[in-house]
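To start, the structure itself, in structure tokens.
The values are calculated or read from the model by the stated rules, or taken from the named source; none is laboratory data. Predicted, not measured: the structure shown is a model, and the values here were computed from it. Here the Cβ positions follow ideal geometry from the backbone for every residue, glycine too, while neighbour counts run over all protein chains shown.
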Amino acid sequence: MEASRTYKSLKRGLRVIEAVVDLGGSATFSIIARKTGLPRSTAHHLLRALVEFGYVIQDVETRHYTISHKLFRLTGRTWTKEQLAAIAMPFLEELSRRTGEGTSLAVLRDGIVTIIAKREPDGPVRVAQEVGAVRPIHCTAVGKALAAWLPARELDGIIGRTVFAPHTSKTITSPDTFRRELTCVRETGIAIDNEEHIKGIRCVAASVRDHSGAVRAALCVIGPKANLPPRRLGKIRQALTSVAAELSERLGYGAAEQIEY
């Protein structure tokens with residue numbers, strides 16, 4: 001009888017996890033209960049247990065349940081772009097609130113830098129960003145923040161395929177200069193686009209790591225150069241690196257796994 005109850009509870013718990021995954025990795029309690037077909041009280045107890053064991057996280061503001069880094073660590077899989085974007089939105093909003101500027105998150109897949117999430121500033125002056133837009137790797141802050149930590153062979157391949165086309169008079173146009181720039185990024189922890197991609201626009205970016213320690217994304221602050229003068233970069237950098245560290249922690253970076261038997 002005890003074995004039968006254990007089997008039933010385990011089956012229901014796995015059904016809840018599968019439901020959250022099927023729902024894109026994030027969902028409300030009501031939707032999860034409806035998706036699993038479980039009684040609401042049962043679904044609630046199972047979700048509480050999964051949160052306690054660290055397999056599911058509940059957002060304190062939205063109350064959504066999301067799959068935690070623990071499952072990705074165990075399975076060796078990673079987040080989809082859509083899942084990363086959903087996880088990152090509260091962090092983008094916080095960074096925009098702290099800096100007063102636009103923010104975005106970019107990833108590097110198959111050598112291509114793509115914006116997957118953004119947050120526009122509240123003020124009247126803003127820089128247009130489009131989710132899904134592709135960015136050059138050699139002259140954008142997000143591109144540099146993603147490239148700086150690549151394995152040598154992968155970086156060599158990307159540089160070999162990159163056309164170092166000038167977008168402005170400040171664009172990096174040689175592989176050697178780009179490599180030196182990436183050394184600076186590794187030393188300082190931030191990447192800067194000083195009107196290299198678009199004249200009049202400055203960006204500052206920091207790397208975001210996941211549970212494996214690998215750089216998974218780049219978090220960026222972007223604005224007109226008048227809004228990001230050199231004297232503000234210290235404050236921008238402080239907010240950026242702080243929020244990037246928080247997002248990295250949310251993705252499991254530095255988490256100590258403890259398994260109890």
Open item on the list: One residue is enough: does segment 85-105 have a residue meeting the conditions under 25 Å from residue 212 (Cα atoms), surrounded by 18 or more Cβ atoms within 10 Å (Cβ to Cβ) and outside the structural domain of residue 147 (by TED's automatic domain parsing)?
Closed with: no
Task: Which numbered condition residue 135 fails, given (1) closer than 21 Å to residue 110 by Cα; (2) at pLDDT 95 or above - done: (2)
Task: The one condition in (1) within 13 Å of residue 17 (Cα to Cα); (2) in contact with a Ser or Thr (Cβ under 8 Å, 6 or more places away or on another chain) that residue 63 fails to fulfil - done: (1)
TODO: Inspect segment 11-18 for any residue being more than 28 Å from residue 85 (Cα to Cα) and either modelled with pLDDT under 75 or not hydrophobic (A, V, I, L, M, F, W, C) (or both) and give the result as yes or no.
DONE: yes
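Each row is one residue, and each column tells you yes or no for (1) exposed (fewer than 15 other Cβ atoms within 10 Å of the Cβ); (2) at positive phi; (3) among the charged types (D, E, K, R).
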{"site": "170", "(1), (2), (3)": "yes, no, yes"}
{"site": "175", "(1), (2), (3)": "yes, no, no"}
{"site": "188", "(1), (2), (3)": "yes, no, no"}
{"site": "197", "(1), (2), (3)": "no, no, no"}
{"site": "200", "(1), (2), (3)": "yes, yes, no"}
{"site": "206", "(1), (2), (3)": "no, no, no"}
{"site": "209", "(1), (2), (3)": "no, no, yes"}
{"site": "216", "(1), (2), (3)": "no, no, yes"}
{"site": "220", "(1), (2), (3)": "no, no, no"}
Open item on the list: Restricting to segment 222-231, and then to whatever is surrounded by fewer than 17 Cβ atoms within 10 Å (Cβ to Cβ) and either among the charged types (D, E, K, R) or touching a helix residue (DSSP H, G or I) at 6+ places or on another chain (Cβ under 7 Å) (or both), can you tell me which residue is nearest to residue 111 (Cα to Cα)?
Closed with: 225
Task: Sole exception among (1) at pLDDT 95 or above; (2) out of contact with any Cys (no Cβ under 8 Å at 6 or more places or on another chain); (3) buried (at least 16 other Cβ atoms within 10 Å of the Cβ) for residue 251, by number - done: (1)
Task: So residue 212, is it of a type in the set (Ser, Thr, Tyr), in the same structural domain as residue 89 (by TED's automatic domain parsing) and in contact with an Asp or Glu (Cβ under 9 Å, 6 or more places away or on another chain) - done: no
Task: Unique residue being out of contact with any Pro (no Cβ under 9 Å at 6 or more places or on another chain), under 19 Å from residue 249 (Cα atoms) and surrounded by 15 or more Cβ atoms within 10 Å (Cβ to Cβ) when the list is 66, 36 - done: 66
Open item on the list: Going residue by residue through segment 168-186, is there one that turns out to be within 30 Å of residue 83 (Cα to Cα) and over 23 Å from the mean Cα position of the chain (by Cα)?
Closed with: no
- [ ] Could you please find all residues in segment 168-197 being over 20 Å from residue 223 (Cβ atoms) and touching a Gly at 6+ places or on another chain (Cβ under 9 Å)?
- [x] 175
Task: Given (1) part of a strand (DSSP E or B); (2) hydroxyl-bearing (Ser, Thr, Tyr); (3) modelled with pLDDT under 85, index of the condition residue 78 fails - done: (1)
